[in-house]
């Protein structure tokens, strides 16, 4: 540990020495660090303009990169499928250290520019913890009381930020981002509240919230490009438009209507509102893309998918997003019940190529996992084991979706002591996830003994899925 600290100090001293002797007009940043328990041999750094740079680790799992003519902003660094943000401004010399076993919580920055980034990562971790607490509260805490809790939490964090800023001079960009971590997290929880408090069965009562409950909305900015990459900002925006679209949804709904977030009317209204209220193209395109994607994945009505697709194509100005969504619609169409499973190549535990169709000889559940989500990893394998004992006539195939070092997924299997039988990884993860439209490891695919799709959007952990599985198997036996 001492040797690592000495190395970092010496490295930063050298970098800052170079900086002091450089041309003041040369705006650059040194970005580097050390990855403990790396999942692969590189780090990807993505700029606010979405340009990416791959930086390879050395034999000691360390990396360093000089970024010239840098644009100040929030950058994304990715390793082993996990990511976090780092604020880079001209003349920063930032070193990070993290352990992939506890990615966010272990992340520490040192060097010039480290203090602001340590503040932001601490704010991120605290927000994640607070959100879990607020989610539990909003189920049964009345609006006025819930608002008091949020107001108190926000005031405390703003006071702490004020104290933090008083000890050193910081850029307006950092101040803006740091304050947004507090304010937009507050706004997000306000927007989410009616969905938790009333639930889908009684969501029509969102109209009964106190008149000033959404007074904060006049402070919100739909077009703050400096906040692209700030998680609370996008969480707020998505939930805000979810809320605004409720008005259209309930125009003709009765009090006993159960809210349906898969409604085409509801999703078309969200797209319309985003298009009419957001001026910034980057922000608007991002929201349009993800809203359309989420609808297409869950909808079972091809005419509604076509309607939402046309609305999206009229509103988005991103050619790459349009190409992606069109391809998604095509992939979803191929996953309809009765269609054969797409032809895909997998790798088994011995790293040998296997065609997915060759593995299916009886009704089969295909489920997915990622080593970046260890709780779901364990739970999905445990659930599959339970279901296998209940339904021995069904096979279960586990597919790892990590896009990193080939050996990493095998080490995860060994770490959790899973059987290596029926464990696979995509030969081409990007193509495999695209063809099977995998946007969540919670989703599974159920096929019959001939490899024809029964349900491409099965939810392994729900009681409804178990009932569906039992019903389908009973029907199959009755037909034999």
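The values are calculated or read from the model by the stated rules, or taken from the named source; none is laboratory data. Everything numeric in this text was worked out from a predicted model, so none of it was measured. Here the Cβ is made from the backbone with ideal geometry for all residues, glycine too, and neighbour counts use every protein chain on show.
Every residue, every condition in (1) surrounded by 15 or more Cβ atoms within 10 Å (Cβ to Cβ); (2) in the same structural domain as residue 372 (by TED's automatic domain parsing); (3) farther than 29 Å from residue 283 by Cα; (4) modelled with pLDDT of 90 or more, yes or no:
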position	(1), (2), (3), (4)
7	no, no, yes, no
14	no, no, yes, no
25	no, no, yes, no
28	yes, no, no, no
46	yes, no, no, yes
57	yes, no, yes, yes
62	yes, no, yes, yes
69	no, no, no, no
77	yes, no, no, yes
**Asked** What about residue 431, is it in contact (Cβ under 8 Å) with a residue 40 or more places away in the chain, part of a helix (DSSP H, G or I), touching a helix residue (DSSP H, G or I) at 6+ places or on another chain (Cβ under 9 Å) and surrounded by fewer than 19 Cβ atoms within 10 Å (Cβ to Cβ)?
**Response** no
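Yes/no matrix, rows are residues, columns are (1) within 18 Å of residue 457 (Cα to Cα); (2) in contact with a helix residue (DSSP H, G or I) (Cβ under 6 Å, 6 or more places away or on another chain); (3) outside the structural domain of residue 455 (by TED's automatic domain parsing); (4) part of a helix (DSSP H, G or I):
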{"position": "287", "(1), (2), (3), (4)": "no, yes, yes, yes"}
{"position": "292", "(1), (2), (3), (4)": "yes, yes, yes, yes"}
{"position": "297", "(1), (2), (3), (4)": "yes, no, yes, yes"}
{"position": "304", "(1), (2), (3), (4)": "yes, yes, yes, yes"}
{"position": "314", "(1), (2), (3), (4)": "no, no, yes, yes"}
{"position": "317", "(1), (2), (3), (4)": "no, yes, yes, no"}
{"position": "324", "(1), (2), (3), (4)": "no, no, yes, yes"}
{"position": "330", "(1), (2), (3), (4)": "yes, no, yes, yes"}
**Message:** Checking the conditions here, which among 236, 259 is over 20 Å from the mean Cα position of the chain (by Cα) and surrounded by 14 or more Cβ atoms within 10 Å (Cβ to Cβ)?
**Reply:** 259
**Residue match in segment 50-60 (condition: touching a residue at least 24 places away in the same chain (Cβ under 8 Å), closer than 26 Å to residue 176 by Cβ and in contact with a helix residue (DSSP H, G or I) (Cβ under 9 Å, 6 or more places away or on another chain))** = no
**Asked** Looking at segment 86-104, which of its residues are closer than 24 Å to residue 408 by Cα and modelled with pLDDT of 90 or more?
**Response** 96, 97, 98, 99
**Asked** Does segment 402-417 hold any residues that are at pLDDT 80 or above, assigned to a helix (DSSP H, G or I) and under 20 Å from residue 431 (Cα atoms), and which are they?
**Response** 409
**Request:** Consider residue 386 carefully, then state whether it is under 28 Å from residue 411 (Cβ atoms) and within 27 Å of the chain's Cα centre (by Cα).
**Result:** no
